[in-house]
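Enquirer: Starting off with a structure, shown below.
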Amino acid sequence: MGLYNSEVMKMGEKEVAISFRIGVEDNQVMEDFMTERKIDGRSRFIRDAIIGYINQQKRVSESAGTENGIFVRFREVHMEALRMMVEDGTAFSEEEYVRKCVLDKLVSRESEADSIERAFKAAQLASKMK
């Protein structure tokens with residue numbers, strides 16, 4: 001991505017103009033997003049997107065020490081598919097579904113069955129002790 005900076009005066013305020021290249025597919029995704037949400041002006045959209053990204057990264061960094069978790073970024077098409085799965089009741093939430101998919105890969109069916117069996121036996125013993 002090639003960038004160049006130049007300073008521009010706008011209404012008594014100094015601004016920096018930045019030029020960059022974007023792929024045709026990414027540009028179409030951006031244009032579609034802007035059209036769907038009736039956003040006018042690429043410059044305003046890109047400024048807002050940059051500030052939004054910075055603020056999001058700050059929140060993630062600030063919560064990293066206080067919360068046990070992972071931040072995962074998905075493409076818009078994947079997020080839309082997850083939203084639709086929530087809408088039709090396939091998933092409770094996007095986060096819950098992603099967590100389930102990861103756990104399905106990390107914990108084998110055998111391990112899960114063994115864990116369930118041990119948990120049930122422990123619950124039976126605890127129930128008898130009451």
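The values are calculated or read from the model by the stated rules, or taken from the named source; none is laboratory data. The structure displayed is predicted, hence computed values, not measured ones. Cβ sites come from the backbone with ideal geometry, for glycine too, and all protein chains shown count toward neighbours.
Enquirer: Restricting attention to region 78-89, which residues are without any contact (Cβ under 8 Å) to a residue 12 or more places away in the chain and part of a helix (DSSP H, G or I)? So that I can check it myself, show each step before the final result.
Expert: To start, the set of residues in region 78-89 that are without any contact (Cβ under 8 Å) to a residue 12 or more places away in the chain comprises 78, 80-81, 83-84, 86-89.
Matches in region 78-89: 78, 80, 81, 83, 84, 86, 87.
Enquirer: Condition test on residue 116, is it under 30 Å from residue 15 (Cα atoms) and either in the same structural domain as residue 27 (by TED's automatic domain parsing) or free of Cβ contacts under 8 Å to residues at least 40 places away in the same chain (or both)?
Expert: On the way: under 30 Å from residue 15 (Cα atoms): no; either in the same structural domain as residue 27 (by TED's automatic domain parsing) or free of Cβ contacts under 8 Å to residues at least 40 places away in the same chain (or both): yes.
So residue 116 fails the test.
Enquirer: Condition first: assigned to a loop (DSSP other than H, G, I, E, B) and either within 20 Å of the chain's Cα centre (by Cα) or polar (S, T, N, Q) (or both). Now tell me which residues in region 90-121 satisfy that.
Expert: Within region 90-121, 90, 91, 92, 93, 108 qualify.
Enquirer: Have a look at 39, 46 and point out the one that is in a loop (DSSP other than H, G, I, E, B), assigned by TED's automatic domain parsing to the domain that holds residue 15, of a type in the set (A, V, I, L, M) and closer than 30 Å to residue 16 by Cα.
Expert: Numbers: 46 fails: in a loop (DSSP other than H, G, I, E, B).
None of the other options fit; the residue is 39.
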